Amino acid sequence: MKVAYLSVLAALASASPVVNIGTIHNGAAPVLTSTNAKHIPNSYIIKFKDHVRHEDAAAHHAWVDALHFSTESEKLELKKRSQIPIVDDVFEGLKHTYNIAGSFLGYSGHFDDSVIEQLRRHPDVSNLNDLEIHGINC
């Protein structure tokens, strides 16, 4: 009786569909943030995945610069056409690159939301961290 019960249970378990639980990121790199720090708007530290070499990172940096420049140029052109005054939402782009041998390869910068979305979907990007200020008064 017990053997029959176990065999029915095994058959039911093998026949049940596999549940695939996805994430909200849909294949994009997550944006990590802390709850007890002051967030610096649109500023991020981007970490590469472990397989990325220094040469690949240099090519990625050039791609980021070109992407940032084209996005900013497009926004500036749209502002000129619509005659909207230029406000202080000019983004600085790539600021610093990091290569700490064997432990961290990445960069930081100040980017528009559309650039950030493309960075999140790049196959070499592991995650993005909000640039934050930590301290007693944050």
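List of remarks:
- The Kirkwood radius of segment 29-133, taken over pairs of alpha-carbon atoms, gives through the Stokes-Einstein law at 10 °C and 1.306 mPa s a diffusion coefficient of 108 µm² s⁻¹.
- Dipole in debye (nearest 20) - segment 29-133, about Cα centre, beta carbon charges: Lys, Arg +1; Asp, Glu -1: 60
- Full extension of the chain between TYR98 and VAL31 yields a length gain of 22.3 nm, computed as 0.36 nm times the residue separation minus the alpha carbon distance.
Every number here is computed from the coordinates shown, using simple stated rules; none is lab data. Given the structure is predicted, the values throughout are model-derived calculations rather than measurements. So basically every Cβ, Gly included, is an ideal-geometry build from the backbone, and we count neighbours across all protein chains shown.
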